[in-house]
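Trainee: After the structure tokens below, expect a handful of questions from me.
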Amino acid sequence: MLPRLDRVTHIGAPPFRPHALEVPLFRPRSALLAVCLLGLSVTPASVFAAAEVHRLNIALSATPTSVDATDLNDFIDFYNRATAPAGLEPLSKINFSWLFTGEVRYFVTRNLSMNAGVGQLRSKSAKEYLPALTVSINVRAELISVPVHVGAAYYLQAYNQGDFAARMFFGGGLVSYTHSRTSFEQRLAGTPNDALGTFKFTNSQDGPGYYGEFGVHMFFASRYSVLLSALYRSGHLDRLVDERTGNVVFDPETGQPASIDVSGIGLRMAAVIGL
């Protein structure tokens, strides 16, 4: 008969003990994991970053925007029909501009901010004609305005994700279009009658308007945030005045006092610095 396997022993070998195959409960790897878990459980919540929202902020923005410039474009049409060299490309109308703005945004409450700022709106259209070998005609139309605005924005409930927060907002306010000016210039060179073919008209006027915007303000775990919005501006400046004479300028085709429309729609992109 074969002996039982649990009783087989070898001469000189220690007796077999079942508990000798058990895995030790303490190992360095297990201890390290336990320490990490304990550290996380006692770490205060303030250690983790969160989106920062400052009460006082400065926003620097650039806005590509459309510009109506109705009466100025009507004068450009009049020049193209009556004065521009025949057979050459006409002077382009002014329909686009960049609006650069510096603004202060102050949160009166969690959901309401009061805003005030100043900007610059400037656009031009220029053309050089070469009707002859030594003759050049340079034409330039320009629009410039310095809008100063005061308004408010209402912020909706925030969307939070870790250290990021986004808040939709809508707002509006009043605008004063200051130092507004239109100019039209032609310079003739290369002929005996250069002075007769050179002229410049500069007209100015200030006036009120308003604006409205809707967008999103994105906050990070930093003093810096980003604002994106759709911006509508309204501003119609009546009775332009000739800067040389101080007299009211009249439209050459309609005979009515000339005006300038600086209204437009744009996409505002702003970098906001919390103070």
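All of the numbers you see were taken from the coordinates with simple rules; none came from a lab. Treat the numbers as computed from the prediction; the structure is a model and nothing was measured. We place every Cβ from the backbone using ideal geometry, glycine too, and count neighbours over all the protein chains shown.
Trainee: Please compute the Kirkwood hydrodynamic radius over region 50-125, one decimal place, Å, based on all pairs of different Cα atoms.
Mentor: 15.8
Trainee: Could you compute the net charge surrounding LEU275? Neighbours are other residues with a C-beta less than 11 Å from the C-beta of LEU275; K and R count +1, D and E count -1.
Mentor: +3
Trainee: Counting alpha carbon pairs within less than 8 Å and at least 6 residues apart, what relative contact order, in whole percent, applies to region 88-179?
Mentor: For region 88-179, the relative contact order is 24 percent.
Trainee: Ok, one more. Enumerate the aspartates and glutamates that LYS200 could reach by cross-link, defined here as Cα to Cα under 19 Å, with residues fewer than 8 away along the same chain left out.
Mentor: Once the sequence-local aspartates and glutamates are set aside, what remains near LYS200 is ASP71, ASP74, ASP77, GLU128, GLU142, GLU185, ASP242, GLU243, ASP251, GLU253.
Trainee: Pairs of alpha-carbon atoms within less than 8 angstrom and 6+ residues apart define the contacts here; what relative contact order does region 118-275 have, in percent?
Mentor: 18
Trainee: May I pose another question? Output wanted: per-residue J couplings in Hz (rounded whole) for region 129-135, from phi through Karplus 6.51 cos²θ - 1.76 cosθ + 1.60, θ = phi - 60°, x for Gly and Pro.
Mentor: 9, 10, x, 9, 4, 10, 10
Trainee: Please give me the summed charge of the neighbours of SER225: other residues whose Cβ is under 11 Å from its Cβ, Lys and Arg +1, Asp and Glu -1.
Mentor: Overall, the nearby charge balance is +2.
Trainee: Using per-residue counts of other Cβ atoms within 10 Å, averaged over each peptide, order 199-208, 242-251, 136-145, 152-161 from highest down.
Mentor: Listed from highest to lowest mean packing, they are 136-145, 199-208, 152-161, 242-251.
Trainee: If you add up the charges near PRO257, with Lys and Arg at +1 and Asp and Glu at -1, over every other residue whose beta carbon is less than 9 angstrom from its beta carbon, what do you get?
Mentor: So the environment of PRO257 carries a net charge of -1.
Trainee: What are the semi-axes of the equivalent ellipsoid for region 47-180, taken as the square roots of 5 times the Cα gyration tensor eigenvalues, largest first, in whole Å?
Mentor: In descending order, the three semi-axes are 46, 16, 12 Å.
Trainee: For region 196-273, evaluate the Debye formula with one uniform point scatterer on each Cα (no solvent term) and list log10 I(q)/I(0) at q = 0.11, 0.13 Å⁻¹, rounded to two decimals.
Mentor: Here the Debye-derived log intensity ratios amount to -0.52, -0.62.
Trainee: A follow-up question, please. Please work out the Kirkwood hydrodynamic radius for region 159-206, using every pair of different C-alpha atoms, and report it in angstroms with one decimal place.
Mentor: 16.2
Trainee: Mind ranking 71-80, 257-266 by how tightly packed they are, going by the mean number of other C-beta atoms within 10 angstrom, highest first?
Mentor: Packing order, densest peptide first, comes out as 257-266, 71-80.
Trainee: So for region 88-161, considering every pair of alpha-carbon atoms, how many percent are separated by more than 18 Å?
Mentor: Roughly 63 percent, once rounded to a whole number.
Trainee: If I take the Cα coordinates of region 97-236 and project them onto the principal axes, what are the three extents in Å, biggest first?
Mentor: If we take the Cα atoms of region 97-236, the spans are 72, 31, 20 Å.
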